[in-house]
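Note sheet for the following structure.
FYI, it's all coordinate maths here, none of it is from the lab. Treat the numbers as computed from the prediction; the structure is a model and nothing was measured. As a convention, Cβ positions derive from the backbone with ideal geometry for all residues, glycine included, and neighbour counts pool all protein chains shown.
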Amino acid sequence: MKKTLIVVGVILVIVFILYRFFVGTYNNLVERDVQVQTAWSQVENVYQRRLDLIPNLVSTVKEAADFEKSTLTAVIEARANATQVKIDPKNLTAEQMTKFQEAQGQLGSALGRLMVVVEQYPQLKANQNFLELQSQLEGTENRIAVERQKFNEAVQLFNSYVRKFPQVTIAGMYGFSPKPFFEADKGANKAPDVGAAFDK
C-alpha cells in the first residue's frame, strides 16, 4: 500500500512538473507573440500618421502656381498603393513584409522627390501651413524609425525564444513559428529628407 502511494505520488509530481512546464512555455510563447503584434501595431500607427498627413500636403502644394503635376501624381499614387497593403499581425510572413516595405519605400521616395521640387517654389517655402506639415512629416519619419527598431527587437526576442529547445517542440505543436524582421531596402534605413528643401 505504501509503495503504491509513493508511486502514485511520484507520478503526480511528474505530471504536475510537466503540466507547469507546458503551460509556462505556452504562456511565454503567447506573451512574446502578443508583444510582436503590439509592436507591429505601433509601426502601422506611425505609417498611418504619414499617410494621413499627405492629403493636406498635396492640397497645400497644389496651391502653388504651375507646380509639377507629375510629382504630385506620383505621391498620390504611391499613397494609394501603400493604403492597399495590409498585414495581419497574427500571421506575419516575409512575403507580406516585403510588399509592405516596397509600398512604403515607394511612398517615401515620392515624398523625397516632392520635397526636392519644392525648392523651386519660394512661396511654398514661406507658407506656414506647408512648414507645419513639413515639420510633422519630419517627426513622423523619426517615429517610424523608432517603432521599426522596437518591432525588430520584439521579433528578435520571440524568434530567439521559439527556436530554443525545448520551446521549439511546443511552439511547433501550437503553430508558433519565427517572425520576419523589418529589413529595410538599401538606403531605406535613412528617412526621406523632408527638410532638405529648407536647408539652403
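When shorter helices are ignored and each DSSP H run of at least 4 residues is given -39500 (n - 2.57), the per-residue value for the chain at 222 nm works out to -26500 deg cm²/dmol. For LYS86, a cut-off of 15 angstrom between C-alpha atoms picks up these aspartates and glutamates, skipping any fewer than 8 places away in its own chain: GLU44, GLU95, GLU102.
Every Cα-Cα pair of segment 23-126 was included, and the share exceeding 22 Å stands at 44 percent. Here the chain is treated as a Stokes sphere of Kirkwood radius computed over C-alpha pairs; at 20 °C and 1.002 mPa s its diffusion coefficient rounds to 108 µm²/s.
Dipole check for segment 2-198: with +1 at the C-beta of Lys and Arg, -1 at the C-beta of Asp and Glu, and the Cα centre as origin, the magnitude is about 1200 Debye.
Please work out the FRET efficiency for the pair MET173 and VAL146, using the Cβ-Cβ distance as r and a Förster radius of 45 Å; give the result to the nearest 0.05.
Working: r = 35 Å, r/R0 = 0.79.
Efficiency, rounded to the nearest 0.05: 0.80.
Relative contact order, whole percent, for segment 19-108 stands at 29, derived from Cα pairs under 8 Å and 6 or more residues apart. Taking each of LYS99/LYS150; LYS69/LYS99; LYS2/LYS164; LYS125/LYS150 in turn, the alpha-carbon distance tops 32 angstrom for LYS2/LYS164; LYS125/LYS150. Farthest toward the positive end of the dipole of segment 76-127, out of PRO122, GLN101, ALA78, is the Cα of PRO122, where the dipole comes from beta carbon charges about the Cα centre.
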